[in-house]
Structures are given as structure tokens and as C-alpha cells.
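> Can you keep this structure in mind? I'll have questions shortly.
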Amino acid sequence: MSTSKNRLSTGKVMMLIASCFIPSIGIGLLVGYLFEARGDEILLYLVGGFIMGIIIAVLVVRHRMISEENDVSAITRNRDLKTTGYRFRSDHHRIRMVNRLVFIGIPLVVLLFWGGHHLATRDRTSAIYTPAVQVSTPRLIRVQVDKDGFTETKRREIFRSIVRAEDRAFAAAERKYPLPNPRSAGYTEVGARAQLARQAQTAHTLAETYKKGVANRYGIDMGKIGSIISEGIHEDWALPKP
């Protein structure tokens, strides 16, 4: 018997492969539909069906080839036995091996499908139920504290009034004792220093007078005026517009 008869024809092999692939891909789509696959998950089930088709096609084609080889070998052996008189025990271990591969391959494919479904379900569930966490830069909330019987807003107001009073005092002192021009005739450093001292003394006196007026207006003493000035300088409160 010729060797070509011992092998499956190309047409039969293609028929076997097609008969394995089409149901496998269909099963993959069906499983994906039953598990409500979406988006990339559908592609996962298609790939799983494709792999399952490859495994089953290889097993089926190999099984058919071994079966036909054994059938041909059995015919040849029977013919030889009639002429020689020897008894022959046929060995079907390869067929048994194929059967074992079939039983191993099917659970492997099922495991592949279930593992893919588990991963896809976990990703989708995580995307739905994972809470969004936003980390923002912590801010220190400044709480306005009452001090000396006044709120911070009121103390800021008093601070601006004090600064205006001091500005008025220095402006009045400059008008009363202006500094001489160094380029003017008769300018001397001794005279300029004396004029500057008179200006500073006048500014200080007027500032104290004006600050007392601020204290009287808000009903506080000079000690609280000094405390508010210190707080305003330390906290860098905004100065009034000139």
C-alpha cells in the first residue's frame, strides 16, 4: 500500500481544522455574551476560542493520522502473519496518549477562559467601585482671635489709623522744619543736623498726640496702642494707601 494512502489528504485536514475552529470561536463568543463581556473583553474571548480551536484541531488531526496509520499497519501485519505464522500484539499506546492529551487539553482551555473572565471582571469591578482619591495641598486655616477686647478686623482698622496718625505727624514736622538744600548758600552740616533734630522731635511729639487721639476714639489706652502696633508689624498687616 502506498504512503500517500496512509496520510490524510489536505482537504480532509482543512475540513477538520475548520470544524474545530468555527465551533471554538462560536463558543468563545457565547461565553463572552453570557459573562456580559464588553470592549477589550470580547477580544479576549475570541483569542481564547482561537487557542482552543488550535488545541482541539491539533489533537483531532493527530488522532486521525495515528488511527489511519494503525489501520494500515494492522492490514499489513495480518497479511505478514498469514505467511510467517508469527503472532503479533498491536500497540495502541499512541492513541491512548492522544486521548490523554484531549482530556488534559479541554480543562486547560476551560481554565484559560475562566482565568481571562476573572481578570476582566476584576478590572471592570475595580474601575467601577474603586473610589477616586484626591490629595490636595493642606492649608492652614487662620482663625481670627479676639485680643484686647477687639477682633482682628477691628485691630487692623486701629493699626491703619495709627499709621495714618504717624504719617500726618512726620508730614507736619517736615513742613515746619524742612531740611536745607546742601547746594544752597550758607549751608552747613551743623545747621542741617540741628534742623533734622528739631524735625524728629516735632514728629515724635505730634505722633504721640495723634495716637492719643486714636486711643480716645476707640476707647483704649496707649499700652494697647503699642500692642496693636507690635502685632501689626509682626503679622505684616497691610499699610493704608498714602
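> If I ask for residues that are among the hydroxyl-bearing types (Ser, Thr, Tyr) and within 15 Å of residue 240 (Cα to Cα), which ones from region 157-207 would you list? Break it down stepwise before answering.
Of region 157-207, the ones among the hydroxyl-bearing types (Ser, Thr, Tyr) are 161, 177, 184, 187-188, 202, 205.
Selection gives 161 alone.
> Could you please let me know if residue 185 is small (Gly, Ala, Ser) and part of a helix (DSSP H, G or I)? Steps first, answer last, please.
Numbers: small (Gly, Ala, Ser): yes; part of a helix (DSSP H, G or I): no.
In short, no.
FYI, it's all coordinate maths here, none of it is from the lab. Just so we're clear, the structure is a prediction, and the values are computed from it rather than from any experiment.
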